[in-house]
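J.: So that we are looking at the same thing, I have put the structure below in structure tokens.
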Amino acid sequence: MRTRDENKEQLVRQKALELIVYQGLEGFSMQKLAKAAAVSPATLYIYYKDKEDLITQIGIEIGKKFSATILQNFDPTLPFAEGLRIQWRNRAKYAIENRLETEFYQQMRSSSFRDKVMGSFMGEFKTVMGQFVHNSVQRGELSPMPIEVFWSVAYAPLYNLIQFHNEGHSLGGKRFEFSEETMNQTFELVLKALKP
């Protein structure tokens, strides 16, 4: 029986992320992964049962890391503006520092792996965020609205800025780099839109 090599396992994980992000789930195979990681296909099965197990394990690991980062220094009893600002900072920091993982996670959200991956870490996250929104509405700091509307107004503008940053340009090809100033300007507009 061959033993696990942590360095090799990390290399396999990194190459799997790269292949899935750049070639998509449809183009991903264990054979391609073995070649990209310069290991024999048999080596992959030391770490993962099969392709589905590999994708699921990586997705769960990233999801837990993402959730932990977003909830860092966050308390659902915070005033709405303060709590949302912490959320923006945490989300921006994670997405910019972990671009590959963020793009992988986006693919998981719209794939058949969604429920299995997201179900593994969303419980606590949904509870904490639900309490935050509920508390903010109860205190009159946030207008009541469906969760889809809240998310679209509260977070989509941030993720658009991050996408412009990752692409290196905004609309019309203008050079763009994410900055605290741009984030704060956008954040203030979002706050105005969400307040009663």
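J.: Residues of the stretch 28-92: accessible area per residue at 1.4 Å, in Å²? Can you show the working numbers first?
T.: Details: 2870 Å² over 65 residues.
Ligands and nucleic acids excluded, the result is 44 Å² per residue.
J.: Further, regarding this structure: Here are some values of Cα extents along the principal axes in Å: (i) 62, 40, 26; (ii) 50, 42, 28; (iii) 66, 51, 41. Which one was computed from this structure?
T.: Derived directly from the coordinates: (i).
J.: Would you please classify the overall shape of the stretch 19-59 from the alpha carbon gyration tensor, given that a ≥ b ≥ c denote the square roots of the eigenvalues, rounded means a/c under 1.5, and beyond that prolate means a/b larger than b/c while oblate covers the rest? Could the numbers behind the result be given before it?
T.: Values: a/c = 2.12, a/b = 1.16, b/c = 1.82.
Here the stretch 19-59 falls in the oblate category.
J.: What is the stretch 89-196 by shape, rounded, prolate or oblate, if you read a ≥ b ≥ c off the alpha carbon gyration tensor as root eigenvalues and call it rounded for a/c under 1.5, prolate for a/b larger than b/c, and oblate otherwise?
T.: Oblate, since a/c reaches 1.5 and b/c is not below a/b.
J.: Still on this structure: Give, as a single signed number, the net charge of other residues whose beta carbon lies under 12 Å from the beta carbon of LEU194, with Lys and Arg counted +1 and Asp and Glu -1.
T.: 0
J.: May I pose another question? Give, as a single signed number, the net charge of other residues whose beta carbon lies under 12 Å from the beta carbon of VAL153, with Lys and Arg counted +1 and Asp and Glu -1.
T.: Values: positive: LYS192, LYS195; negative: GLU148.
Result for the neighbourhood of VAL153: +1.
J.: Just reorder TYR22, TYR159, TYR45 by solvent-accessible area, largest first, 1.4 Å probe, all chains present. Intermediate results must be reported in sequence, preceding the final value.
T.: Numbers: TYR22 165, TYR159 45, TYR45 115 Å².
Solvent-accessible surface, decreasing: TYR22, TYR45, TYR159.
J.: I've got another one for you. Contact order normalised by length for the stretch 1-146, with contacts defined as Cα pairs under 8 Å and 6 or more residues apart; what percent is it?
T.: 26
J.: To continue, here is another question. Within a Cβ distance under 12 Å of GLY59, other residues only, what is the Lys/Arg minus Asp/Glu net charge?
T.: Net charge around GLY59: +1.
J.: Sort TRP151, TRP88 from largest to smallest accessible area, using a 1.4 Å probe on the heavy atoms of the protein chains.
T.: From most exposed to least exposed: TRP151, TRP88.
J.: Give, rounded to the nearest 20 debye, the magnitude of the charge dipole that the chain has about its Cα centre when Lys and Arg contribute +1 at Cβ and Asp and Glu contribute -1 at Cβ.
T.: For the chain, the charge dipole is close to 240 debye.
J.: Now a separate question. Looking at LEU25, GLN87, GLN10, which one has the Cα that reaches farthest to the positive end of the dipole of the stretch 1-93 (charges on Cβ: Lys, Arg +1; Asp, Glu -1)?
T.: Value computed over the given set: GLN10.
J.: Check the stretch 1-81 and count each lysine pair with an alpha-carbon distance under 23 angstrom, considering only pairs eight or more places apart or from different chains.
T.: 20
The values are calculated or read from the model by the stated rules, or taken from the named source; none is laboratory data. Fair warning: this is a prediction, and the values are worked out from it, not measured in the lab. In this analysis, Cβ positions are derived from the backbone assuming ideal geometry, glycine residues included, and neighbour counts consider all displayed protein chains. Areas reflect the complete protein model, heavy atoms only, side chains present, ligands, DNA and RNA absent. Shrake-Rupley method; radii C 1.70, N 1.55, O 1.52, S 1.80 Å.
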